[in-house]
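Here's the structure we're looking at; comments come further down.
The values are calculated or read from the model by the stated rules, or taken from the named source; none is laboratory data. All values reported here derive from a predicted model rather than from experimental measurement. Every residue, glycine as well, gets a Cβ built from its backbone with ideal geometry; the counts of neighbours run over all protein chains shown.
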Amino acid sequence: MENQEKNMTPPENNENIKDVLVEGLEEEQVDDNFANLNWFGQMLWKVKEKFTGVKANKKRHKMVSYGKYGYIFLIPFFVIFAVFSFYPLIQTIVFSFTEYYYGQGGLIQVGPNPNGFANYAEVLSDSYTWKYFGNTMLIWICGFIPQIIISLLLAIWFTDARLKLKMGGFFKAVMYMPNLVMASAFGMLFLMLFSLTGPVNQILGSLGLSPIKFAESAGWTRGIIAFINWLMWFGNTTILLMSGIMGIDESIFESARLDGSSGTKTFWHITFPLLLPIFVYVLITSLIGGIQLFDVAQIYTASKGGPDQSAMTIMMYLYSLITSSKNYGVAGAVSVLLFLLTGVLSIIIFKVMIPTNNVIKQEARARKARMRWLKDAQVSEPINEGGNNHE
Amino acid sequence: MSKAQAVKLPTVKEKKLKNEKVSLAVHRTVVYIILILLTIVCLFPFYILLVNCSHSSPDIMKGFHWWFGTYFATNWRNLFANQNIPLLRGVLNSILIALVNATLTVYFSALTAFATHIYRFKGRKIIETFILAIMMIPTQVAAMGLVMFCIEHNLTDNYMILILPAIASPVTYFYMKQYLESVLPMEVIEAARVDGTSELGIFHKIVLPIIKPALAVQFIFAYVGNWNNYFTPSMLINDRELKTIPLIIAQLSASSPDTFDKGQIYMLLTIAVIPVVIVYLIFSRAIIKNLTSGAVKG
């Protein structure tokens, strides 16, 4: 921006301005002077100035510089982030290397005493940690597999121009709706629906079947939580996949059809390979979300974790370590391990989506698709009127 | 022979076309059936919720109801009069926090996006990448530190701790940045500078009006997110007067809901769920209208 200052004479038309802007940016990139040095280089220059009296080439700084406003406007974000996210994260990491808990019902504070990797060793050798992590993964997979299959089918149908679905807007509106609903309310609602005397058992009773004790079965408890997860997220996944399909060049589908490729063949040889990056994106964001599973399971099992703690998720375990057992050392170790796990998963996203721009593009595309989805939901017209189809 | 061919060829083509049509019709029917089934699955929980909150508790226990009852008003009155559930406070608390948080999130995310989009300064790319990276970190991993921070500084049972973090929202920042990139012409900024508008003035008078559609959409998403938020508040709020709706629901689920008035529970869940659904169904229309008109202008 600084460079644009020297072009202050008002150009005749907009195109001129654009040229000037582009020129300015290019100059900025090749310009190699004081302003482009890093803080250390600038410091050296200043020291040199003091001793030799030779002024650094601060050409750009003599002009009105707008760059500083960038820093000023970033202050609120970074101050808040530092205080409420970064500092707590550092504290979590620090205390994960200490013995720090409240004994005897929270009366006696023990620690913090540095104890190296003892908490990590404890967490990783503890069979409960692995059990809770296994529960979390099991519930996630049970929700994810039907989700990806149904979402993929829906995404293909919604973007298929030959089908010309009516009421597409209505279907999309309904399917995205559960995503906005309070997860804890869903947990409570299903707790009511599947209680011993609840509506589901009432329906079974009226069909002449004996009631099922859903709350006493590990399978049912996990299954119902996975179902709620599926219900809340399949609409969102459909949007992501749809945005991926719509991003594929239409002419590819057209030439495939002209070559006589069948629907399934087109899918496996064209749609799927081109969709793979988005597929991985969906898989890993869903996995990161799955690791965070808390609200639904916590409320549905009344914070107890279900029969034999079969639906105790890793986040519920962390929550109980922080709030009820107040074992900050172990809680810190669990937090750091989850941080590393999600970090690795995020890096995989970035690697798969190389060039990294693709991640941004994918997010942007998803956003656009979401908007279009909401728009369709209002208009209730055939989905493909926007022209994003394979025809 | 040539005559026969001339007759034969179109029929084969027609036959193929007809087959295609039939298979497409079958395909379409199957798709509709699945879509209708999924719609029923999606709507059924909401339907039961609404049906049951219009029946009395003994009535709900007696058997399943397919249709609405007459107990809606009574359940509503009983629930708000219930001494065990500070519901009115809860609703007001939830609305307050969600409104303030959504406003802060949207305003400061737009400001942050403005800063990285308009200005060229050293470390800009690094900052952008950094915000993108922290977007992926779950808030839960720093929860322990946050709880300790609050205990240390006496911030538990203080809404500041729920409200202030809204200023740093990487996800909303990301959407704002995308929107700015698509709609904000640099010429407008340059013209405003020539007119002598201050930089913050440019943000308030020019950028915010241009990105109003994005602000509206992100406001609704932020509002819903905060309205539904359970994890962080449940660790930091213990005072019953300060509880939000998710905390009240959690309290109820922990205190054996079997003994509780069923009609009132369904009513509580209705109050927690239905406003969001209504907002989703009604307000998005206005937003989308804004969005499309904004796009034409931009």
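In the stretch A:137-172, the residue that is nearest to A:Gly223 (Cα to Cα) out of those that are buried (at least 17 other Cβ atoms within 10 Å of the Cβ) and among the β-branched types (Val, Ile, Thr) is A:Ile139. Cβ separations smaller than 6 Å between residues 6+ apart or across chains give the following pairs from the stretch A:231-257 residues that are more than 14 Å from chain B (Cβ to nearest Cβ) and surrounded by fewer than 22 Cβ atoms within 10 Å (Cβ to Cβ) to residues that are part of a helix (DSSP H, G or I) and modelled with pLDDT under 75: A:Gly247/A:Arg365. Could you check the stretch B:267-279 and list, in sequence order, the residues that are more than 7 Å from chain A (Cβ to nearest Cβ) and either touching a residue at least 60 places away in the same chain (Cβ under 8 Å) or buried (at least 23 other Cβ atoms within 10 Å of the Cβ) (or both)? Hits for the stretch B:267-279 are B:Met267, B:Leu268, B:Thr270, B:Ile271, B:Ile274. Within the stretch A:112-152, the set of residues being among the aromatic types (Phe, Trp, Tyr) and under 19 Å from the mean Cα position of the chain (by Cα) comprises A:Trp140, A:Phe144. Using the structure shown, decide if A:Thr136 is over 28 Å from A:Leu276 (Cα atoms) and assigned by TED's automatic domain parsing to the domain that holds A:Tyr328. Taking the combined requirement at face value, the residue does not satisfy it.
Between B:Ile36, B:Ile48, the distinction of being at the interface with another protein chain (Cβ under 10 Å from one of its Cβ atoms) and surrounded by 13 or more Cβ atoms within 10 Å (Cβ to Cβ) belongs to B:Ile48 only.
Counting only residues that are surrounded by fewer than 23 Cβ atoms within 10 Å (Cβ to Cβ) and assigned to a helix (DSSP H, G or I), how many does the stretch B:227-246 have?
Going residue by residue through the stretch B:227-246, those that are surrounded by fewer than 23 Cβ atoms within 10 Å (Cβ to Cβ) are B:231-242.
Filter once more, keeping what is assigned to a helix (DSSP H, G or I): B:231-236, B:240-242.
Final tally of qualifying residues: 9.
Restricting the stretch A:161-172 to residues that are more than 7 Å from every other protein chain (Cβ to nearest Cβ) and either out of contact with any helix residue (DSSP H, G or I) (no Cβ under 9 Å at 6 or more places or on another chain) or not in a loop (DSSP other than H, G, I, E, B) (or both) leaves a set whose member that is farthest from B:Val277 (Cα to Cα) is A:Gly168.
Only helices (runs of 4 or more DSSP H) wholly contained in the stretch B:73-172 count here; list those with 3 or more residues that are at pLDDT below 90 and within 9 Å of another protein chain (Cβ to nearest Cβ).
The qualifying helices (runs of 4 or more DSSP H) are B:87-118, B:124-134, B:143-152.
Residue-wise test of (1) more than 14 Å from chain B (Cβ to nearest Cβ); (2) under 27 Å from A:Leu241 (Cα atoms); (3) surrounded by 23 or more Cβ atoms within 10 Å (Cβ to Cβ); (4) not aliphatic (A, V, I, L, M).
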site	(1), (2), (3), (4)
A:Ser286	no, yes, no, yes
A:Ile299	no, no, yes, no
A:Leu321	no, no, no, no
A:Gly329	no, no, yes, yes
A:Leu341	no, yes, no, no
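Comparison of A:Val64, A:Val110 shows that the only residue that is more than 8 Å from chain B (Cβ to nearest Cβ), within 30 Å of B:Ala113 (Cα to Cα) and either at pLDDT below 80 or part of a strand (DSSP E or B) (or both) is A:Val64. Within the stretch A:144-155, is even one residue more than 25 Å from B:Ile40 (Cβ to Cβ) and in the same structural domain as A:Met312 (by TED's automatic domain parsing)? No.
When the residues of the stretch B:174-186 are narrowed to those that are facing chain A (nearest Cβ under 7 Å) and within 23 Å of the chain's Cα centre (by Cα), which ends up farthest from B:Tyr223 (Cα to Cα)?
B:Gln178
Which residues, taken from the stretch A:196-215, are part of a loop (DSSP other than H, G, I, E, B) and within 7 Å of chain B (Cβ to nearest Cβ)?
Correct list: A:Thr197 only.
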